[in-house]
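The values are calculated or read from the model by the stated rules, or taken from the named source; none is laboratory data. Predicted, not measured: the structure shown is a model, and the values here were computed from it. Glycine gets a Cβ as well: all are built from the backbone with ideal geometry, and neighbour counts include every protein chain shown. These accessible areas exclude ligands, DNA and RNA; they are computed on the full protein's heavy atoms, side chains included. Shrake-Rupley method; radii C 1.70, N 1.55, O 1.52, S 1.80 Å.
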Amino acid sequence: MNLSKADVLHVARLSALALTEAEADRMTGEISAILNYVEGLSVVDIPDESQDGAALSPTLLATDTPSPSLSPEGALAGAPDRSGSFFRVPRILEEGR
Amino acid sequence: MKNPFFSSLAEFARGRDERRFSIEEVTRYFLSRTEALNPSLNVCLSINQNAVNRARQIDARLVRNKAISPFTGYPVMIKDNLEMEGYPTTCASRILSGYLSRRTATAVARLLSLGVVVLGKTNLDEFAMGSSTENSAFGPTRNPWNPARVPGGSSGGSAAAVAAGLAPLSLGSDTGGSIRQPAAFCGVLGVKPTYGRISRSGLVAFSSSLDQIGPFAGSGADALEALVAMSGKDPLDMTTVDRDPAEMRSGYQSTEVMGARIGIPEALFGEGLDGSIRERLKDLRDALSGEGAREVSVTLPHSRFGINVYYLVATSEASSNLSRFDGVRYGFRVKNPADLRAMYEETRDQGFGDEVKRRILLGTFALSAGYQEAFYRKARKVQALIRRDFLEAFERCDMILTPTSPTPPFAFGEKTGDPLSMYLSDVYTITANLAGLPALSVPVGIDSHGLPIGAHLIGPPWSEGRLLKMADRIAGLYPMPLPELHAGHADGFSEGGRR
């Protein structure tokens with residue numbers, strides 16, 4: 001299947017990626033070519049009794065046991081920007097709201 | 001691969017215990033060789049400045065106490081997507097610039113507890129996505145056998161490190177062939193264990209259901225000991241399985257070529273395989289038969305869909321795993337973004353390279369509303385069929401032999417313009433990840449252009465020991481010459497290499 005540039009820009013937004021115009025043009029062609037290849041899967045017959053890969057290896061869950069974790073200072077040690085014990089990011093809410 | 005002190009882990013341990021060399025001496029040798037060759041090969045992204053100190057501490061302890069393990073004092077390099085507390089982990093990505101690890105990967109911690117000396121962290125394709133190490137934000141690694149050729153990937157730095165004799169042992173990670181294909185390209189042994197054998201805790205996640213850590217080493221016997229040391233249940237990785245790692249030693253000891261049933265999927269030796277590789281593997285098959293192994297014809301009818309399945313399953317998982325890199329908590333962040341959304345989007349656009357972005361987009365698409373059933377779900381169902389083919393084949397054979405790579409090491413730039421042709425380099429290795437099986441690549445000599453060729457063995461779950469013994473027997477049939485190290489330091493230590 002061939003994606004349009006609008007499709008790629010939509011997926012880029014879902015992926016939180018700001019593609020440049022040139023990147024979006026190039027990725028549109030490249031991703032379409034890869035999709036056309038992987039679509040070769042459509043010829044595979046899936047027998048009714050077949051399970052999917054996920055069912056063969058169900059997600060294992062850890063028991064909920066409290067244990068020590070990263071300290072606040074440790075978690076903040078690599079922060080690109082911080083304020084006291086918080087990560088600082090651009091304002092999310094308008095002033096006064 | 002050669003060094004003046006030892007040619008195997010066992011010989012290292014003997015030499016150390018008989019005081020024929022100190023750990024400091026050995027550590028300094030490998031560090032200075034790395035310093036000499038790294039400018040031309042670009043194997044290491046960082047050197048451990050504390051390595052000599054650690055070596056001295058180990059020497060001081062060895063004066064009073066016996067070594068606790070053959071690994072005590074043994075030099076190791078690790079792929080730079082494995083965490084080590086207090087050291088940078090870049091994943092060869094700009095997005096992790098400035099990041100220092102807050103923990104140590106379980107596999108690395110287990111080796112450290114036995115006393116290994118980590119010399120440095122090795123180059124890779126960004127976030128382990130690639131087959132040539134050309135996707136590194138810090139430039140490609142060069143193949144020690146020919147600096148105009150790629151070392152393979154994504155663990156190209158770790159493979160080249162062992163091939164060039166910068167370390168006798170290194171660690172990589174393998175999601176679709178990222179240990180085995182560079183092992184073949186660099187003429188060393190590389191092993192991907194059974195999924196669940198080794199904890200992935202501290203390995204920066206690419207595709208969590210496929211990723212496994214494994215070693216590059218000079219022999220199957222050395223790789224075996226590294227696997228035993230790293231394996232076993234880990235509460236930090238729920239997919240690790242509680243099995244005795246020593247079972248691999250028994251598997252190694254009880255395996256012989258005589259009587260081994262080697263599965264041959266004839267279709268994989270046909271079209272698309274380089275002629276010199278096909279010939280060498282034919283020679284290997286004849287040699288193994290001559291020593292009493294029995295060839296068993298097997299068919300793996302769904303394996304030809306391996307690449308299709310992989311690029312849906314792996315990219316879907318990657319799109320989720322890589323969402324954590326957003327510029328908030330660590331690593332790179334763009335300067336003065338207009339708002340929060342722009343901060344995320346521009347940080348990720350500038351921080352990630354092309355291949356990573358391509359895979360995030362593809363994975364996000366495969367999981368998006370309206371397409372999940374046709375793409376992701378279908379891929380998971382075919383994945384189950386690929387695994388079933390293998391398990392049926394292993395009812396009739398002990399292991400399966402295939403090529404590791406369809407081609408010899410290719411030239412820089414040869415495949416970077418066409419992502420699909422790069423993906424096809426993994427056509428023989430990718431199914432072992434999809435089926436969760438152990439597999440390895442063992443060198444079987446060089447071709448007429450002086451480039452290494454690898455043979456690929458895939459086994460049933462938990463059969464690493466058996467595969468490693470066969471690898472040692474195969475390696476015995478094809479003694480490898482040493483690579484001539486180029487770029488003005490043929491002996492590794494000439495003027496050009498010193499900085």
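If Lys and Arg each add +1 and Asp and Glu each add -1, what is the summed charge of the other residues whose beta carbon sits under 15 Å from the beta carbon of residue B:418?
So the environment of residue B:418 carries a net charge of -3.
With a 1.4 Å probe on protein heavy atoms only, tell me which residues of the stretch B:347-367 lose at least 40 Å² of accessible surface in the complex relative to the chain by itself.
Going by heavy-atom accessible area, the residues of the stretch B:347-367 that drop by at least 40 Å² are B:348, B:349, B:354, B:357, B:358, B:361, B:362, B:364, B:365.
Using a simple charge model, +1 on the beta-carbon of Lys and Arg, -1 on the beta-carbon of Asp and Glu, nothing else, what dipole does the stretch B:141-294 show about its Cα centre, in debye to the nearest 20?
Using Cβ point charges on Lys, Arg, Asp and Glu, the stretch B:141-294 gives about 200 debye.
Roughly how compact is the stretch B:253-399, stated as its Cα Rg over 2.2 N^0.38 Å to two decimals?
Computed over Cα atoms of the stretch B:253-399, the ratio equals 1.55.
Measuring with a 1.4 Å probe in the full set of protein chains, what accessible area per residue, in whole Å², belongs to the protein assembly as shown?
Here the per-residue accessible area is 40 Å².
Note down the nm distance, to one decimal, between modelled labels 7 Å out along Cα→Cβ at residue B:10 and at residue B:47.
3.4 nm
Against the empirical 2.2 N^0.38 Å scaling, what ratio does the C-alpha Rg of chain B come to?
The value comes to 0.92.
Could you tell me the accessible area of residue B:462 in Å² (1.4 Å probe, neighbours in place), rounded to the nearest ten?
Ignoring ligands and nucleic acids, residue B:462 comes out at about 60 Å².
Considering Cα pairs under 8 angstrom that are at least six residues apart, work out the relative contact order of the stretch B:1-92 and quote it in whole percent.
33 percent
I'd like to know which of B:157, B:210, B:437 lies farthest towards the positive end of the charge dipole of the protein assembly as shown, counting +1 on Cβ of Lys and Arg and -1 on Cβ of Asp and Glu.
B:157
Find the relative contact order for chain B and round it to a whole percent, using C-alpha pairs within less than 8 Å whose residues are 6+ positions apart.
Relative contact order for chain B comes out at 19 percent.
For residue B:444, which sequence-distant residues (separation of 5 or more, or a different chain) have an amide H within less than 5 Å of its own amide H, given hydrogens modelled in the peptide plane?
Those lying under 5 Å, H to H, from residue B:444 are B:453, B:454, B:455.
At what distance in nm do the modelled label points of residue B:256 and residue A:92 sit from each other, each positioned 7 Å from its Cα along Cα→Cβ?
Between residue B:256 and residue A:92, the simple spin-label model gives 6.8 nm.
Stokes-Einstein D for the stretch B:49-106 at 25 °C, 0.890 mPa s, Kirkwood Rh over Cα pairs, in µm²/s?
The Stokes-Einstein estimate is 184 µm²/s.
Given the pairs B:335/B:415; B:192/B:233; B:233/B:378; B:79/B:282, which are separated by over 27 angstrom at their Cα positions?
B:335/B:415; B:233/B:378; B:79/B:282
Among DSSP beta bridges whose residues both lie in chain B, state the antiparallel percentage, nearest 5.
Close to 70 percent.
Counting Lys and Arg as +1 and Asp and Glu as -1, each charge on the Cβ, what is the dipole of the protein assembly as shown about the Cα centre in debye, to the nearest 20?
1500 debye
I need the phi-derived Karplus couplings for the stretch A:30-38: 6.51 cos²θ - 1.76 cosθ + 1.60, θ = phi - 60°, integer Hz, Gly and Pro marked x.
For the stretch A:30-38, the Karplus curve yields 5, 6, 4, 4, 5, 4, 4, 6, 5 Hz.
Name the residue from B:479, B:420, B:364 whose Cα lies farthest towards the positive end of the charge dipole of the protein assembly as shown, charges +1 on Cβ of Lys and Arg and -1 on Cβ of Asp and Glu.
Farthest towards the positive end: B:479.
Taking the stretch B:299-373 on its own, what percent of its Cα-Cα pair distances exceed 17 Å?
54 percent
Roughly how many percent of the accessible protein surface of the stretch B:125-215 is carbon and sulfur, given a 1.4 Å probe and a whole-percent answer?
Answer for the stretch B:125-215: carbon and sulfur cover 50 percent of the accessible area.
Need one number: % antiparallel among DSSP beta bridges in the protein assembly as shown, to the nearest 5.
70 percent
Plugging the Kirkwood radius over Cα pairs into Stokes-Einstein for the stretch B:230-269, at a temperature of 10 °C and a viscosity of 1.306 mPa s, what D comes out in µm²/s?
Rounded to a whole number, D works out at 119 µm²/s.
Averaged across orientations, what area in nm² does the convex hull of the alpha carbons in the stretch B:83-167 project?
5.7 nm²
Principal axis extents for the stretch B:170-307, Cα atoms only, whole Å, descending order, please.
Result for the stretch B:170-307: principal-axis Cα extents of 45, 35, 29 Å.
Across the stretch B:243-323, what fraction of all alpha-carbon pairs, as a whole percent, falls in each successive 10 Å bin from zero upward?
P(r) for the stretch B:243-323, in whole percents per bin: 14, 26, 28, 25, 6, 0.
Taking the dipole about the Cα centre of the protein assembly as shown, with the C-beta of Lys and Arg at +1 and of Asp and Glu at -1, give me whichever of B:332, B:462, B:276 is farthest to the positive side.
B:332
What residues have an amide H closer than 5 Å to that of residue B:463, excluding those fewer than 5 places away on the same chain, when H is modeled at 1.01 Å from N in the peptide plane?
Amide H to amide H, under 5 Å and 5 or more residues apart or across chains, residue B:463 pairs with nothing.
For the protein assembly as shown, what size does the Cα cloud have along each of its three principal axes, sorted from largest down, in whole Å?
The Cα atoms of the protein assembly as shown stretch 75, 59, 53 Å along their principal axes.
Of all alpha-carbon pairs in the stretch B:348-499, indicate the percentage at a distance above 24 angstrom.
Every Cα pair in the stretch B:348-499 considered, those over 24 Å come to 55 percent.
Residue B:421 versus residue A:83, label points 7 Å from Cα toward the beta carbon: distance in nm?
That separation, rounded to one decimal, is 5.3 nm.
Would you grab the residues whose amide H sits under 5 Å from the one on residue B:294? Only those 5+ places off in sequence or on another chain, please, with H modelled 1.01 Å from N.
B:259, B:260, B:261, B:262
How big is the Rg/Rh ratio for the stretch B:359-413, C-alpha atoms only, Rh by Kirkwood, two decimals?
My calculation puts Rg/Rh at 1.17.
Under a point-charge model restricted to the Cβ atoms of Lys and Arg (+1) and Asp and Glu (-1), what is the dipole moment magnitude of the stretch B:6-76 relative to its Cα centre, in debye to the nearest 20?
Computed about the Cα centre, the dipole is about 240 debye.
How many percent of the accessible area of the stretch B:296-442 is carbon or sulfur, using a 1.4 Å probe?
Reported share for carbon and sulfur atoms: 48 percent.
Quote the total accessible area buried by chains A and B together, excluding ligands, DNA and RNA, probe 1.4 Å, nearest 100 Å².
The A and B chains share an interface burying roughly 4600 Å².
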